[in-house]
Each structure stands twice: as structure tokens, then as C-alpha cells.
């Protein structure tokens with residue numbers, strides 16, 4: 001019951017702020033609306049007791065990605081200006097495409113036969129940690145170390161690209 | 001954990017804020033002038049829009065921050081089971097951190113952390 005009420009509150013928040021994010025004519029405001037959407041999504045993960053995923057959602061998406069988007073927006077010119085309203089033709093086309101996308105998604109969701117999972121999917125942070133660091137058959141220690149190399153590569157790439165832009 | 005508790009917490013939270021602000025609105029004396037609505041900026045009269053174009057240097061810091069942010073996500077489950085798994089987990093996380101430390105050294109060496 002409580003979960004249901006929370007779900008509807010969070011779903012309302014997501015729908016309202018998503019709508020505001022795409023209709024806002026000021027790009028900085030759209031970013032802040034997006035932040036609320038991501039926070040409410042984290043709330044949905046908390047409802048289904050997927051605490052680790054909710055933590056990731058808060059740390060990486062609400063924290064990192066939004067910070068990155070804010071910086072990206074702050075780098076653009078004329079942030080304070082209102083963006084022009086799209087033409088009627090654009091609105092109609094975008095509306096049609098959105099409705100088509102929503103139709104496909106909803107029909108797939110309704111057609112799918114959802115079954116309640118009985119196996120442990122490792123919601124527990126401790127379970128995730130054990131699997132992540134286990135070097136046995138079910139362990140993921142190699143991906144864990146590869147991730148650090150991936151992060152290293154992305155950091156070096158970011159610095160190389162950004163530094164080259166500085167010199168110009 | 002009870003989602004009902006969460007709902008209750010939510011309602012009580014909203015209730016508190018509504019009560020507090022409405023009591024303040026009812027009893028507090030009120031006066032208003034244009035200066036009160038100004039953002040406080042060390043006594044200097046603020047001019048122009050607050051949303052101005054920032055220096056590109058900030059973006060590099062944001063990217064480096066994001067990478068270490070993602071790193072932290074992987075260290076959280078490690079920290080939870082570290083005590084239980086002992087030396088193996090410690091060595092694995094050490095390798096992970098050393099590889100990322102190389103990235104930090106690279107950033108340092110390329111003066112990406114220097115403000116210019």
C-alpha cells in the first residue's frame with residue numbers, strides 16, 4: 001500500500017518534470033528539471049529495495065552526469081536567452097514520433113508476460129561486492145579490474161582532447 | 001523496509017513545512033522593497049545575468065570529477081565486503097586504485113589540474 005502511494009508520487013514527479021524539461025525554453029531550467037527526474041528514478045529503485053542501483057543513480061546520474069550537463073550548458077553562449085519556440089511543423093512531427101514511440105513501448109510492455117523472479121539477483125550490496133571481488137567461477141574480478149583500465153582510458157582521452165582545445 | 005514508513009515520513013515532512021511556513025506567514029511582520037529581492041553579492045550591486053558563459057577549464061574538472069565518481073561506485077561494494085574477504089579483496093582494490101592513480105598522475109603531469 002505504502003509502496004503503491006510512493007510509486008504514484010514518484011511517477012507523477014517523473015512525468016511532470018520530464019514534461020517541464022522538454023517544454024522549458026531556458027536550457028538551464030531544463031537541466032534542473034532533469035535532475036528531479038533522475039532523483040525520482042532513484043526513489044523508484046529504493047521502493048523495489050534495489051539500494052545499490054539507487055545509490056548509483058544518485059551518485060553517478062544525479063551527481064555526476066547532471067554536474068557535467070550543467071558545466072556543458074554553462075559553456076554555451078546565451079544561456080540566459082529563451083530558446084525560440086519550434087515551428088508548428090516541427091512540433092507536429094515531434095509529437096507524432098513521440099506518440100509512435102510511446103505506442104510501441106506500451107504495446108511491448110502490455111504484450112510481455114512478466115514473471116516474478118524467484119532467484120536471488122543480488123540486490124544486496126554485500127552480495128554484489130562478493131561477486132565483484134570473487135576470482136572463482138562466478139566472480140567478476142576481471143571485469144572489475146578492466147573497468148579501472150576503461151576509466152583510465154577515458155580520463156586520458158578527456159585530457160588529451162580538452163588540452164588540445166586549450167592551446168587553440 | 002516499510003514503504004508505509006516512507007509515506008508517513010513524507011507526509012510528516014510536508015506537514016511540518018506547511019505548518020512552519022503558514023505560522024510564519026500569519027504572525028510575522030512584513031515589509032518589502034526592491035533591494036530585499038536582490039541577490040547578496042558582497043555589497044556590490046549585481047549587474048547582468050547570473051547565467052553567463054563559463055571558462056572551458058571548468059569542463060575538464062567536471063570530467064575528471066565524473067571519472068572518480070564512477071570509481072567510487074565500484075569501491076562501495078568493495079568496502080562492504082573488505083573485512084570479510086580479507087587480503088584478496090585488499091589486493092584487488094589496490095590494483096584498481098593503482099591503475100586509476102596512474103590516471104591521476106597523468107592528469108597532474110599534463111597540468112590538467114592546474115588552473116589557467
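What separates the Cα centres of the range A:50-116 and the range A:28-47 is a distance of 10 Å.
Averaged over residues, the count of other Cβ atoms within 10 Å places the peptides B:3-9, A:92-98 in the sequence B:3-9, A:92-98, highest first. The orientation-averaged projection of the convex hull spanning the C-alpha atoms of the protein assembly as shown amounts to 23.4 square nanometres. For the peptides A:17-23, A:102-108, A:53-59, the ranking by mean Cβ contacts within 10 Å, running from highest to lowest, is A:53-59, A:17-23, A:102-108. For chain A, what does the helix formula give at 222 nm: sum of -39500 (n - 2.57) over DSSP H segments with n ≥ 4, over the residue count, nearest 500 deg cm²/dmol? Computed ellipticity for chain A at 222 nm equals -23500 deg cm²/dmol. Structure remark: mean-square fluctuation, Gaussian network model of chain A, C-alpha springs under 10 Å; the largest value among A:136, A:43, A:63 belongs to A:136. The mean count of C-beta atoms from other chains within 10 Å of the C-beta of residues in B:48-58, rounded to a whole number, is 5. Here is how the number arises for chain B: DSSP H runs of 4 or more residues each give -39500 (n - 2.57), the sum is divided by the residue count, and the result at 222 nm is -23500 deg cm²/dmol. Computed over the range A:1-84, the alpha-carbon pair-distance distribution with 5 angstrom bins reads 3, 16, 21, 21, 17, 11, 7, 4, 2, 0, each value a whole percent. This ranking places B:17, A:79, A:149 by how few other beta-carbon atoms lie within 10 Å of each, fewest first, which gives B:17, A:149, A:79.
In terms of surrounding Cβ atoms within a 10 Å radius of their Cβ, A:113, B:38, A:49 rank from fewest to most as A:113, B:38, A:49.
Under the criterion of Cα pairs below 8 Å and six or more residues apart, the relative contact order for the range A:1-84 equals 32 percent.
Within 10 Å of the Cβ of each residue in A:43-50, the mean number of Cβ atoms contributed by other protein chains is 1. Extents of chain A, largest first, come to 57, 53, 28 Å (Cα atoms, principal axes, whole angstrom).
Values of log10 I(q)/I(0) for the range A:124-168 across q = 0.13 Å⁻¹ run -0.46, by the Debye formula with one identical scatterer at each alpha carbon and no solvent.
When the Gaussian network model of chain B links Cα atoms closer than 10 Å, the mean-square fluctuations of B:43, B:57, B:103 top out at B:43. Other protein chain C-beta atoms within 10 Å of residue C-beta, averaged over B:77-83: 6. As a proxy for reagent exposure, ranking B:71, B:116 by other Cβ atoms within 10 Å from fewest up yields B:116, B:71.
Laboratory data are not the source of any read-out in this text; all were calculated from the coordinates shown. The shown structure was predicted, so the numbers you read here are calculated from the model rather than taken from an experiment. Here the Cβ is made from the backbone with ideal geometry for all residues, glycine too, and neighbour counts use every protein chain on show.
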